Every structure is written in C-alpha cells, then in structure tokens.
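What follows is a single structure, written as structure tokens, with notes after it.
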Amino acid sequence: MRNRVVTFFTIMWSCTAIFATEPVVGPKNGSLVIVGGGRLPRSVVDEFVRLAGGLDQPVVVIPTASEGEEWDNKYIERSFLGRVGFEQVTVLHTRDSQVADTDEFIEPLRCAWAVWIDGGRQWRLADSYLGTRTEKELHALLSRGGVIGGSSAGATIQGSYLVRGAPEGNLIMMAPGHEIGFGFIRNCTIDQHVIARKRHFDLYLVMQRFPCMLGFGIDEATALVVQGDAARVIGDSNVLVHNGADLQDDPDRPYLTLHPGETFDLATRKRIASE
C-alpha cells in the first residue's frame, strides 16, 4: 500500500513539469467517462457502450465504494450494465489491499476492455486499491486503449488529488491520509453532484492551496469524456472548471462553465472552439 504520509508534491506534477515535459494531462491512450453522479442519461450510456466496443465485450464493474460485501447476479442485473445488455459482466471487489495485489484478483482486468467504477465513498476505493497491482492494471487497460468509466465516487477517484476522501464525512474537502486518487488525469481533482448539491464553490479552497492544479466540478446526469487532452461534456447539465486559462464567465464566480457539446483542452486549459 502506498505510503499515506507521502507529501502532495511527491505524487503530483508541478506547474513547470507538467507544461515543460508532459503535454498530455489525460491518458495517452484509452478513454475516461467521468460522471457527476445521479441518473445516467442515454447519451452517457451510449457513449460508454461505444467506447467499450459493444455489448458483447467483457466489462468489469467495481462496487467497492459502496457498503456491503454481496455483489451477486442480482446486483449486475440492477446495474445499468445489466439493464443495457452487456453480456459479460464481472464484479471485482475486495476490502483487502493484499488481495488486490494478487494475480488471481486482477485476472478479470487483463481480459477486459472496459471498467465501470460505481459510486459510494471514494476513500473505500483508495484504501483497497491504491498502490496495488489492481491500480496498475487499470492504468494498463487504458494504455491498451480501453475505457474506464465511473460515477460519483467512481468519478472523483479518477483524478490525481482526492477530494471528499475523509471517512468521517463527505463534507470535508481535504483529508490528510486520503488525498491520493488513481491519477488517470494528472494534476487534477474532480468533484461531483456540484450543481444538484450546491457545491459550486467547494473546490475554491482546494484551488487556493494548489494553484497549479486543474479542478472539475461535474454535475449529476453529466459526464466528462476524456481522450488525451480533449475533455468533452455530454449529458444533461454542466461542468465547472477551476483554474482554466480562460478564467471565468462571471468575475463573481471562480470557475468556467462548460455546457453539453463543449470541449476543453486539458493542456492549454481553454475551451476548444466548435467547428
């Protein structure tokens, strides 16, 4: 398990490093579907199915952010993966990081092209999988061109800095010992349910502490689809971007609002003009 006392700057890119040596902030290969929680609109479901390669492709679902230990066929049938018609769904779950570090446990990931991470509390995902072969295999899936999707906690864990990671409650934005995400997007933090739960300004203090970091607040029923440096908004609502180079739409709001259909360049931190 990764050392919890590692400082933020040993696991994050500095401003100089990210712009001078690493032009791609998102994954170099593969795709991310990062959903802000709530209902999954058809546009988001269809996009995940398309990126997964179709309903006949094997997909792994990780329910670890939720409470409970029993994840049987009924759980799969109730999930959107079962309801939409995926034919090969495997549940991957443990609370034991040593189990998550074994060949047997990660085998389903080696056979899959797509992974979905369910919602709940993101600290449970971090405690089970950070620094294990499971985390490494998720990055390997992206490297071979696969897709990783997730909603709510399954969205926040995809960033490099973990917000709302305190086991004591989800109102704590920065929790020492629970500040590391999977880092599918580097130098980035991701919040969820932002408009539905009136969290518009919650990332502001995080941005003040880490002024080089990029922050995304994703609303419910909305997804940020990331491929390389392009982050495209789909779904029913908006994504709020903190520390974008375009500044903000309104001087009283410390964020830029992205609407469905708009695309954001992660490297330049600017909207990409629509053609």
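The values are calculated or read from the model by the stated rules, or taken from the named source; none is laboratory data. Quick caveat: nothing in here was measured; it's all calculated off a predicted structure. Cβ atoms come from the backbone with ideal geometry, glycine included; neighbour counts cover every protein chain shown.
Observations on the model:
- So Ser66, is it assigned to a loop (DSSP other than H, G, I, E, B), under 17 Å from the mean Cα position of the chain (by Cα) and over 30 Å from Gly228 (Cβ atoms): yes
- Test for His193: is it on the phi > 0 side of the Ramachandran plot and at pLDDT 95 or above: yes
- Residue match in the range 178-188 (condition: over 18 Å from Tyr129 (Cα atoms), without any contact (Cβ under 8 Å) to a residue 40 or more places away in the chain and surrounded by 16 or more Cβ atoms within 10 Å (Cβ to Cβ)): no
- For Phe182: the one exception among (1) under 30 Å from Gly54 (Cβ atoms); (2) over 13 Å from the mean Cα position of the chain (by Cα); (3) in a loop (DSSP other than H, G, I, E, B): (2)
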